[in-house]
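Okay, structure first, notes after.
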Amino acid sequence: MAGDADLIVIGAGAAGLAAAARLSEAGARVSLLEARARIGGRLLTLRAAGYPLPIELGAEFVHGTSPAIWDVVRAAGLTTIEAGEPDLRAKGGSLTRPPDFWAGLRALVERAERATADHTAAQLLAEFPPGDANVPALGRYLEGFHAARLDRVSAKSIAKAERGAGGSHNGAWRILDGYDAVADALRTYAGAGLDLRLNTHVRAIHWSPGRVQVIATTAGGGAARLEARAAVVTLPVGVLKARGPECPSFDPELDDKRLALAQLEMGVARRVVLRFREIWWEDPRPHEGGPGPVSFIHVPDASLPIWWAPAPLRAPMLTGWAGGPSAERLAGLPVQRLAAAALDALAAAFGRPRDGLDALLLGAYSHDWSADPCACGAYSYVASGGLPAQAELARPVAGTLFFAGEATHTGGEHATVHGAIATGHRAAAEALAALR
């Protein structure tokens, strides 16, 4: 059948854009449908008037050395800078080195790899010697970095992620142009012939072998009906798991995918970016023998226990982060209340008067990804015993439905932008092979 396109790609995040680019480059007619009024998915970059640095409310760091993301960075001529060190702990007005939990992380990874069963992270942490001072810090890291519940997340999936290209030991970089520049570059690679439709919310996907019909609503309550030979679905796990009249559905239903989704979770994370008049947490004047710029700051008892500055750049901006249960306790808070809680924590940790920080604050920015119906969470993690679910979610259906997105990466690079891009390329190759 001719249809409106050869393929329909659902979702214009990193995976959908990467898939659309590869398909378009191969000469396929592609319709790319996105519910938001913008591309990028969980890439969300703001720019404040008169402020030179981008404000990232979604993905911020390029983790590791995966060519999936670095090829885009190089081809687009983007400027990157490696995230600075050191890690410090703020408490009672002083900055000290936090406990070194990295040896504990290596031990946990090795235990997970040796184990025959896929335990939860909490079960493996319970095996550490009683009173081990590194265990609380290690637990906070696992919750924060993986946005996961320790009593739910698969220890083997953590081990695979830490060993993968995006593991914490492989470095992290920022894109000074803003992470949305990666989305823009991927869109450019797709070419002018791409049929990109924003504000197009997919409601139903009717399919049979070799035929797909997508029903969507458009801005203003209009309706759209598109047909193609196949579709690439890049919706986040949280959206795929959701039920209800406003949520995308498949007809016929995909029972195997539902079973896989039951073993995958959408992690919860909250972030607040605070922009100040000046750098008040360190001496901003470089001097011989003096400390370098502060980078990551641990505030263990705070509602947002991890903070970072844009080091090695010196700029008056701090980002607070919470993942897992810490983030769940902040669910639904508007940015004003989130900023107030953050300033309370910073004032206590640095021994500063709260009203002084209020006077220095220029702006606070946040986005609640769990409340965002186009995301329903931050990024995916694997439940204990659920490693095969990633491959099942990625498996094509009848040479007609193909699946991409960070949660479908089976090599430990889920929850990353480069993992999402790689799955978009994989799904595009699968779709092209089927159509041929």
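The values are calculated or read from the model by the stated rules, or taken from the named source; none is laboratory data. Since the structure is predicted, the reported quantities are computational estimates derived from the model, not experimental observations. Don't worry about glycine lacking a Cβ; one is built from the backbone with ideal geometry, like all the others, and counts go over all protein chains shown. With ligands, DNA and RNA removed, areas are computed over all heavy atoms of the protein, side chains included. Shrake-Rupley method; radii C 1.70, N 1.55, O 1.52, S 1.80 Å.
Things to note:
- In the complete set of protein chains, residue-level accessible area for residue 160 is approximately 80 Å², probe 1.4 angstrom.
- The label point for residue 391 and the one for residue 116, both projected 7 Å from the Cα toward the Cβ, are 2.0 nm apart.
- Here, region 287-377 has an Rg and a Dmax of 14.5, 50 Å when only alpha carbons are counted.
- For region 111-184, fraction of C-alpha pairs farther apart than 21 Å, in %: 38 percent
- Once the C-beta distance of residue 85 and residue 280 is scaled by a Förster radius of 22 Å, the resulting FRET efficiency is 0.60 to the nearest 0.05.
- With a Förster radius of 45 Å applied to the C-beta separation of residue 127 and residue 94, the computed FRET efficiency comes to 0.85.
- For region 1-111, diffusion coefficient by Stokes-Einstein and Kirkwood Rh (Cα), 10 °C, 1.306 mPa s, µm²/s: 86 µm²/s
- The peptide list 302-315, 394-407, put in order of mean Cβ contacts within 10 Å with the highest first, becomes 394-407, 302-315.
- Taking only the Cα atoms of the chain, the radius of gyration and Dmax are 22.1, 71 Å.
- Potential lengthening between residue 51 and residue 436 on full extension [0.36 nm per residue; Cα-Cα distance subtracted]: 133.6 nm
- Residue 219-residue 26 pseudo-label distance in nm [points 7 Å out on the Cα-to-Cβ vector]: 3.2 nm
- Most to least packed among 344-350, 54-60 [average Cβ atoms within 10 Å]: 54-60, 344-350
- The chain, helix-only ellipticity at 222 nm - DSSP H runs n ≥ 4, -39,500 (n - 2.57), divided by all residues, nearest 500: -9000 deg cm²/dmol
- Distant alpha-carbon pairs in region 339-436 (separation over 19 angstrom), percent: 61 percent
- For the chain, the longest principal axis of the alpha carbon atoms and the long axis of helix 180-190 meet at an angle near 20°.
- What separates the Cα centres of region 386-436 and region 103-170 is a distance of 25 Å.
- Helix 335-350 vs. the chain, principal-axis angle (Cα, 0 to 90°, nearest 10): 30 degrees
- Convex hull volume per residue, computed on the Cα atoms of region 75-231, equals 241 Å³.
- Using 0.36 nm per residue and subtracting the Cα-Cα separation, the extra length available between residue 251 and residue 355 on full extension is 31.7 nm.
- Fully extended contour minus Cα-Cα distance, from residue 38 to residue 75, at 0.36 nm per residue: 11.1 nm
- For residue 249, residues with placed amide H under 5 Å, excluding near neighbours: 204, 205
- For region 219-227, Karplus couplings with θ = phi - 60° (6.51, -1.76, 1.60), whole Hz, Gly/Pro x: 4, x, x, x, 10, 9, 9, 10, 10
- Peptide packing for 371-383, 355-367 was compared via the average number of neighbouring C-beta atoms within 10 Å per residue; ordered from the highest value, the list is 371-383, 355-367.
- The calculated Kirkwood hydrodynamic radius for region 205-318 is 19.3 Å, given to one decimal from all distinct C-alpha pairs.
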